[in-house]
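Asks: Structure incoming, see below.
A short reminder: the numbers here are calculations on the coordinates, not readings from a lab. All of these numbers come straight from a predicted model, not from anything done at the bench. Don't worry about glycine lacking a Cβ; one is built from the backbone with ideal geometry, like all the others, and counts go over all protein chains shown.
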Amino acid sequence: MEHGAAATACPSDPALAPGSLAPDFRLSHPRNASLSLSDLRGQPVVLAFYPPGWDPSRGEQIAQYNKILTQLPNLHAELMDFSVDGDWYDLRFAREQMRLPFLANPSPQPEIAQLYGAEGREALFVIDADGVIQWSYRAPVGVPPKTEDLVEALRLIAPQPKEETAAPKAPRMALTRRDFIAATLAMAFALTLGAHAAQAEPEAARMGATPMAPAMGVSGGDTMPITLTVNDAAHDLQIDPRATVLDALRERIGMTGSKKGCDHGQCGACTVLVDGRRVLSCLSLAVAQQGKKITTIEGLAQGETLHPMQQAFLTNDGYQRGYCTPGQIMSAVGLLTEPVGPEDADVRENMSGNLCRCGAYPNIVAAIQDVRKANTNASV
Amino acid sequence: MHPFSYRQASDEQSALSGVSGQPGAAYLAGGTTLIDLMKLDVQKPSQLIDITPLPWTKITELPGGGVSIGAMVRNSDLAHSEIIMTRYPVLSEALLSGASPQLRKMATTGGNLLQRTRCYYFRDITTPCNKREPGSGCSAMDGYNRIHAILGTSKHCIATHPSDMCVALTALDATIVTRGAKGERRIPINEFYFTPGDHPERENVLEPGELITAVELPAMPFTGRSHYRKVRDRASYAFALSSAAVALDIQGGVIKDARIAMGGVGTKPWRALDAEKALIGKTAGPDAYKAAAEAALHGAKTHKDNAFKVELAKRTVIRALTMAAQKTA
């Protein structure tokens, strides 16, 4: 594999060679006290330099991490969550109770990239608990990040999970959920779709999104020209056949209303209507939907007038956090045209494909029943 | 997901020629299993032939009273079909107990027949699995095997067949109609699936490139008195720990004929012929059902975490028979 040669791609600068002390730096973040690399002594650290647009708190990248971790059988760890502290990501793994500080994309402070010879390119440095560089990799400028390199980096630190259980010395400030979501939404590019940075959609650009980041670990196949009809508007896309409808909607067309929950057809957060039928956009290939009419949560309201189901969710307080809500509403709209019995129990059974950890279920049932009763009355 | 090329089949011939002789090519129908497994790198086709444009979307009555179901009929449409609900309620009930409304709108009849196991180890490419990687070993054998099979297992595989629909089709003696390089084949469902034996990677008799075009249900006068009972870890939207599809022909309180198939316990949809024999000629009632349940689980082989399934499956069969008997034929 190519990354077998990664070690030889290490910095020629002797100050950065494996075995040398990692150059210290101070990160300053407006919301947080400044933090030095040396403050993290006592635990391994991964420094990762990526092109702009890469954000490990994104769902796709979390999935990617888990994929990487499954390739490390000795680790027996599953990535559980992130806390974000300024420019640091604290990766938490299950089972081993391991925490790994991960500096990613320190682009706000270009002097750090400069210090590590990583301007404008992918670079990874694994620094051990004593602050010594154990492994490093710098890709040539313009070469997209590769999953394999991250695997290599994590493999190095995998055999010593015990050392990593030490509590971080640096104080950590947890990001609020709202900040986390905002940060996540701000990064509008899918890993799986990212192989063609040059083809980023003009719509996406208008929405203020950063250009598409190159994909990690995918040697993009040929793309295909397709036309997707979404909410009665045609969208011409040049798209990788692997792209799901969900990814096409969110990452190419810029409609982020449909949510990515599990990405495996188990939660319903991605529910959309295709030709009026509720389906899971995460298990539907975009290339297979030509000539079909896709309706998303963005397409329900008529101008400023909400769809009756949207209004009923509002009236009945049918949401808590709201992440499952677009899928719940689309599923509920689909249900209206199906043979579903009149009882609450019938609604519950027929909404069972939309799972959430929230406490909104009773109010969702009430909202749906309101709309169904209104429809029945209207048609009598 | 590994890269692949994509093409839509315009007709049966272009579908067959797209996959025949193309190792790595696969048909795409509803995609609910395939896309999921491709995301997990469990399946890595290099080419997808989308067969959803093919016109096998009808449910038609056959001369002689049977029914033909096109391979592309979606699970939700099949479940709500009038003819299925009245003549073969067990099939409608099985379909509606499976997956979620969204998945049922996507999944097809042909695709459901080829659903892959939910064995955790099959779905996890970092663990050995004889089904996914022949010869690599079975992680479930000494692993966490609560959901695994107790009937039809081998020393190489104890993965459960996950489908509800196929359990009902097995009870109904369905015939699977296929089209391949050698023309049309008609395969009784009980001869369609292999038990794992020495080759867990071979799950059914389909030849490479062979395509399911329809499923036929024979005329069976008593299938109006049929029922599907499913037991799972939550009230809805979960795979069966145990299930039973049954049909009863009761005349004057005596069982004249019976069909019993089980799900969640077998390495394939499990027809319980001995249990059916145990019922015939008996007075319909708890004693007969209990004897049938005992016969159905005869020879069950349990592992560390799934011994509970023996009793659960017996009770499932008894309950299904009890419920079916209460229906009017």
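Asks: Could you sort out which of B:Lys131/B:Lys256; B:Lys131/B:Lys301; B:Lys155/B:Lys282 sit more than 31 Å apart by Cα distance in this structure?
Replies: Where the Cα-Cα span goes over 31 Å, the pairs concerned are B:Lys131/B:Lys256; B:Lys155/B:Lys282.
Asks: Just counting partner chain Cβ atoms within 10 Å, what average do the residues of peptide A:271-278 show around their Cβ?
Replies: 3
Asks: Please compute the alpha carbon radius of gyration of the stretch B:161-234, then divide it by the globular-protein estimate 2.2 N^0.38 Å. Two decimals is fine.
Replies: 1.28
Asks: Around B:Ala159, under 15 Å between beta carbons, what's the net of Lys plus Arg minus Asp minus Glu among the other residues?
Replies: Net charge around B:Ala159: +4.
Asks: While we're looking at this one, here's another question. Alpha carbon centre of the stretch B:189-222 versus the stretch B:292-309: separation in Å?
Replies: Taking the Cα centre of each part, the stretch B:189-222 and the stretch B:292-309 sit 24 Å apart.
Asks: Relative contact order of chain B: what whole-number percent is it, with Cα pairs under 8 angstrom and at least 6 residues apart?
Replies: Relative CO of chain B lands at 17 percent.
Asks: Provide the three semi-axes, in whole Å and in decreasing order, of the ellipsoid equivalent to the stretch B:155-196 as defined by the square roots of 5 times the Cα gyration tensor eigenvalues. Don't jump to the answer; show the numbers that get you there.
Replies: On the way: eigenvalues 97, 47, 13 Å².
Taking √(5λ) for each eigenvalue gives 22, 15, 8 Å, largest first.
Asks: Would you be so kind as to identify all helices of chain B, as entire DSSP H runs, whose Cα atoms reach 18 Å or more along the helix's own axis and whose mean Kyte-Doolittle hydropathy is at least -0.5?
Replies: Taking the DSSP H segments of chain B (at least 18 Å long, mean hydropathy at least -0.5), we get B:308-326.
Asks: Which order do peptides B:256-263, B:243-250 fall in by mean Cβ count within 10 Å, highest first? Before the final figure, lay out the partial values.
Replies: Details: B:256-263: 25.8, B:243-250: 28.4.
The densest-packed peptide leads the list: B:243-250, B:256-263.
Asks: What shape does chain B take by its C-alpha gyration tensor, where a ≥ b ≥ c are the square roots of the eigenvalues and a/c under 1.5 counts as rounded, a/b above b/c as prolate, and the rest as oblate?
Replies: Oblate is the answer for chain B, as a/c is 1.5 or above yet b/c matches or exceeds a/b.
Asks: Something else now. Name the long-range amide H neighbours of B:Asn204: under 5 Å, sequence gap of 5 or more, or other chain; modelled H, no Pro or chain starts.
Replies: It is B:Phe194, by chain and number.
Asks: Is there a simple number for the mean count of other chain Cβ atoms within 10 Å of the Cβ of residues in A:235-242, and what is it?
Replies: Working: counts 0, 0, 0, 0, 0, 4, 9, 9.
That works out to 3 on average.
Asks: Would you mind checking which residues have amide H under 5 Å from A:Asp240's amide H? H placed 1.01 Å from N; only 5 or more apart, or other chain.
Replies: A:Met224
Asks: Please work out the Kirkwood hydrodynamic radius for the stretch A:308-379, using every pair of different C-alpha atoms, and report it in angstroms with one decimal place.
Replies: 12.0 Å
Asks: Count the net charge of all other residues whose Cβ sits under 15 Å from the Cβ of B:Lys58, scoring Lys and Arg as +1 and Asp and Glu as -1.
Replies: Computed value for this residue: -4.
Asks: Quickly rank B:24-34, B:125-135, B:107-117 as a protection proxy: mean count of other C-beta atoms within 10 Å, highest first.
Replies: So the order, starting with the most tightly packed, is B:107-117, B:24-34, B:125-135.
Asks: Compute, for the stretch B:226-326, the length of the dipole vector about the Cα centre, with Cβ point charges of +1 (Lys, Arg) and -1 (Asp, Glu) only. Units Debye, rounded to 20. Mind showing how you got there, number by number?
Replies: On the way: 17 positive and 9 negative charges, 56 e Å.
Dipole about the Cα centre, nearest 20: 280 debye.
Asks: Let me ask you something else. Looking at the stretch A:234-329, which GluC sites (Glu not before Pro) are DSSP coil and have at most 11 other C-beta atoms within 10 Å of their C-beta?
Replies: Answer in residue order: A:Glu304.
Asks: Calculate the mean, over all residues of peptide B:29-35, of how many other protein chain Cβ atoms lie within 10 angstrom of the residue's Cβ.
Replies: That works out to 4 on average.
Asks: Next question. In the stretch B:177-329, how does Rg compare with the Kirkwood Rh, expressed as the Rg/Rh ratio over alpha carbon atoms?
Replies: 1.01
Asks: In terms of modelled amide H atoms, which long-range or inter-chain residues lie less than 5 Å from the amide H of A:Leu300?
Replies: Under 5 Å from the amide H of A:Leu300: no residue qualifies.
Asks: While we're on this one: Find out how many positive minus negative residues lie around B:Ser14, taking Lys and Arg as positive, Asp and Glu as negative, among other residues whose Cβ is under 14 Å from that of B:Ser14.
Replies: Values: positive: B:Arg7, B:Arg179; negative: B:Asp11, B:Glu12, B:Asp50.
Result for the local shell: -1.
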